[in-house]
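K.L.:
First the structure, then my questions, so here it is.
No value in this document is a laboratory result; all are computed from the given coordinates. For clarity, every value in this text was computed on a predicted model and none was experimentally measured. Counting neighbours? That spans all protein chains shown, and the Cβs are built from the backbone with ideal geometry, glycine included.
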2 protein chains.
Amino acid sequence: MEPKQITEIVEKLKQEMRRGITIAAVMQLLSEAQYGYALQKALSDSGIEMGQDTLYPLLRRLEEQELLASEWRVEDPRPRRYYLLTPTGQTVLAELKLELKRIESWIRSVTDETK
Amino acid sequence: MEPKQITEIVEKLKQEMRRGITIAAVMQLLSEAQYGYALQKALSDSGIEMGQDTLYPLLRRLEEQELLASEWRVEDPRPRRYYLLTPTGQTVLAELKLELKRIESWIRSVTDETK
DNA sequence: TATAATACTGTGTAACACACAGTATTGTCA
DNA sequence: TGACAATACTGTGTGTTACACAGTATTATA
């Protein structure tokens, strides 16, 4: 098998592994109100690259589920749409964090075993 | 929002978070040859529940990508299909583990911050 | 003997990340 | 001043895959 194909496969698998944490990342960052573009930068700072075409539908989806609420703020230099966790969203995030701890310990058990 | 709906949403989000690690789990367990049904039980022992209708297509997919190889073994009490990581699969698994460590440290940073 | 456990195969569908495309406004620089 | 970049958001289409649903066969058990 070509090294190029291996890289493709690896990248795709990494992608699949990452997708699970992006939701929690977004929700965690929205414990405080933030607008989409700034959120994207904050995610990037956390090492999570996410395109606008992925982020905005995700925000819409979480809002539809009433985990987020959004509002337009007319401000300098331009209007922005701010998102914030709802109380329900906070509850859900707390639950997700428990799951993350489980995933974390599973990762530790797997990677430590074969170090 | 109904508590029932929240539970649904939480479960679905947990599910999405888990999917990322199932691939690595399967590959890790197949560092040694194992047949499908036994693999499913081993996964379950690791806290990862996975139906046959999910596991077998995943095994097929990984085999198509040449990360796994399989063979029928005629044995007592019945023939079984064994799966084992290929050398390529071992390479890929090592790469995935690096990614898992990244995810792990990200989880730590997020959950510790808000403890 | 009927049912459960063991073991595997195949098809269909919902969900969603990402690709692709677009819009508008403000900022920067030659 | 105008072209391009950055800022900021919206919408549609598609590929992928977990899971739902369905099925098969053999062995084990009550």
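K.L.:
Once you charge only the Cβ atoms, +1 for Lys and Arg and -1 for Asp and Glu, what is the size of the charge dipole of chain A about its Cα centre, to the nearest 20 debye?
P.N.:
The calculated dipole for chain A is roughly 80 debye.
K.L.:
Place the peptides B:70-78, B:12-20 in order of packing, highest mean first, counting for every residue the other Cβ atoms within 10 Å and averaging per peptide.
P.N.:
In descending order of packing, they fall as B:12-20, B:70-78.
K.L.:
Can you list, shortest first in nanometers, how far B:K12 lies from the same residue in the other copies, with each label 7 Å from Cα toward Cβ?
P.N.:
Label-point distances to the other copies, shortest first: 2.6 nm.
K.L.:
Determine which chain B residue has its Cβ at minimum distance from the rotation axis mapping B onto A, giving the value in whole Å.
P.N.:
Residue and rounded Å distance to the axis: B:G20, 2.
K.L.:
When each copy gets a label point 7 Å from Cα toward the beta-carbon at A:P57, what are the spacings between them in nm, shortest first?
P.N.:
1.9
K.L.:
Let me ask something else about it. What helices does chain A hold that run 20 Å or longer along their axis, going by alpha-carbon atoms, with a Kyte-Doolittle average of -0.5 or more, using DSSP H for the helix calls?
P.N.:
A:3-29, A:87-113
K.L.:
Per DSSP helix of 4 or more residues, -39500 (n - 2.57); summed, then divided by the residues of the protein assembly as shown. What does that give at 222 nm, rounded to the nearest 500?
P.N.:
-23000 deg cm²/dmol
K.L.:
Residues of A:8-17, mean number of Cβ from any other protein chain within 10 Å of their own Cβ, rounded to a whole number?
P.N.:
Rounded to a whole number, the mean comes out at 6.
K.L.:
Summarise the partner chain shielding of B:20-31 as one whole number: the mean count of Cβ atoms from other chains within 10 Å of each residue's Cβ.
P.N.:
Rounded to a whole number, the mean comes out at 4.
K.L.:
Treating each Cα of chain A as an identical point scatterer and ignoring solvent, apply the Debye formula and state log10 I(q)/I(0) at q = 0.22 Å⁻¹.
P.N.:
Debye curve over Cα of chain A, log10 I(q)/I(0) at q = 0.22 Å⁻¹: -1.27.
K.L.:
Under a 10 Å cutoff between Cα atoms, tell me which one of A:L98, A:L67, A:L43 has the largest fluctuation in the Gaussian network model of chain A.
P.N.:
Fluctuation is largest for A:L98.
K.L.:
Using only alpha carbon pairs under 8 Å that are at least six residues apart, calculate the relative contact order of chain B and give it in whole percent.
P.N.:
Here the relative contact order equals 24 percent.
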